Each structure stands twice: as C-alpha cells, then as structure tokens.
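These notes concern the structure reproduced below.
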Amino acid sequence: MKKKIALAAILLIVLAVLVVPIRTQFRDGGTTFYTALLFRVISWNALIDENETKTGTEVHFFPKNFRDYEYYFGPRAAVPEDTTAETTTAPVITAPDFDYMGLFKRLEGCWNDKGSLFVAFEYREGQPCLYYGIYDSGFGVNGQLTGGKITGEDKAELTFLCPQLGEDDEGGDYHPEMTVTVLLDLIGLDDGKINIKIESSYSEYGNLEWQTYTYSGKTVDEAYAKWSEFEIG
C-alpha cells in the first residue's frame, strides 16, 4: 500500500512539472506566455502601431513551446529602404525632421572596437535590427529599430526593442525584454569610424561605455573572421 501511495505521489509530481505553466508578460501591450514543459499558451495583446493591436490565443506543443517571441509573432511589415542614403553626400544630420532610417542605412554592417566588442546594424526579413555583444563570450543582444533622434552636432540616438532571451531560472544566456538606446558620435563616419555608447533599460544587461568602433564588414561573420585573425585595429 505504501509503495502505491509513493508511486502515485511521484506521478502527481511529474505531471505537475510537465503541465504547470510559468507566466511571462511582455511590455508590448500586455502579451502573456504561459509556458510548461509540454506546451505554451500565448495570450496576445501586442501593439503593432497606433491603429492596430495583435490579439488572440495560441497553443504550441513540445518541441515548439520554447521558441522566442519573434518566432510566434511572425513576419512584420517590411520597412521601405531609403534609396537616397547611399548616393547622397550631405551630412547625416541636416534637417529638423531626423531621418533615422537613412542613418541606419548608412551604418549598415558590423563595427568592432579594438578588443572583442562588436555592434552590427543589419536587415532581417526587411526589418532594421541591432545585434551587439562580445566575441569571446558568445553572448549577444538582438533588437529591432523603433526610433531615433538628434542629440547634438553630428550626434544622434537610435532606439531598439529587444525581446526576452531565455528564462531567468534556466542558468543559460538570459536578459529580459528591454529597450536599448545606441548613442552615436558620427564625426568620423565617412572615415569608417564612429563612437558608440549603449544604454539598456535594465542596467545590469547590455550596457557598453563609449568606445571607438571601426567598420569591419558587411556581416558579423565577415567581421568575426577579421577579428579572429587579428586584422582589426
């Protein structure tokens, strides 16, 4: 009898581990993930723009219940490319209405400091995105461009929304959903050098102090190959 009770208790514990979800809420308008080992329930309430909100409920079963936010959100509307950014020779910061998409286009590529830091401005499925991190650790932060502004002569800021990476209690790479601001001193842009500082809405994740970065390649892989061969400096 005692063995049967013990077995039943073990089965109940295993069942609870498999089906009892952990709640995660995003600051995209209130989307909530309920994640268990066997499934994930998503209650959408994501602000797409001032006139549209993604709503509804989805259920995803193992092994598709541990994908990131962007996987479930799906493709976003493509941002029209600025066809004048590559041909103009005018300074980046000229007009009262700041063309931050045009600036992003001019920054496109991967930039490295003299150590192992990298900052990449790249398009993914038509979306302008940020990817930065440390080559040595393999840890990086990804985000999507949400805006920008002028902060001074030849100085600007670009802001990105970075979805949550991993789970806080899993022991691997992790950061919460956060806003990242990239501060830019563009005085040397035409010579392939810029000064960058990165500030995160969570100070313990992803902050980088002012550093001079050199243009190192069109992609992170290309820049990493140069870095690994000590060609960047």
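The values are calculated or read from the model by the stated rules, or taken from the named source; none is laboratory data. Here the structure is a predicted model, which means the values were calculated and not measured. Using ideal geometry, Cβ is built from the backbone for each residue, glycine included, and neighbour counts are taken over all protein chains shown.
A few points about this structure:
- Qualifying residue in the stretch 19-37 (condition: in contact with an Asp or Glu (Cβ under 8 Å, 6 or more places away or on another chain), at pLDDT 75 or above and not hydroxyl-bearing (Ser, Thr, Tyr)): yes
- Residue that is surrounded by the fewest Cβ atoms within 10 Å (Cβ to Cβ), among those in the stretch 22-63 that are more than 23 Å from Met178 (Cα to Cα) and either touching a Ser or Thr at 6+ places or on another chain (Cβ under 6 Å) or in contact (Cβ under 8 Å) with a residue 24 or more places away in the chain (or both): Thr57
- Qualifying residue in the stretch 206-220 (condition: outside the structural domain of Asp68 (by TED's automatic domain parsing), surrounded by fewer than 18 Cβ atoms within 10 Å (Cβ to Cβ), of a type outside the set (A, V, I, L, M, F, W, C) and modelled with pLDDT under 85): yes
- In the stretch 190-204, the residues that are at pLDDT 90 or above reach residues that are of a type in the set (D, E, K, R) with C-beta atoms within less than 8 angstrom, at least six apart or across chains, in these pairs: Ile194/Asp185; Asn195/Asp185; Ile196/Asp185; Lys197/Glu209.
- Taking residues in the stretch 135-162 that are in the same structural domain as Ile194 (by TED's automatic domain parsing), and partners anywhere that are among the basic types (Lys, Arg) and modelled with pLDDT under 90, the pairs with Cβ atoms closer than 9 Å and at least 6 places apart or on different chains are Asn142/Arg124; Gln144/Arg76; Gln144/Arg124; Ala156/Lys149; Glu157/Lys149; Leu158/Lys149; Thr159/Lys149; Leu161/Arg27.
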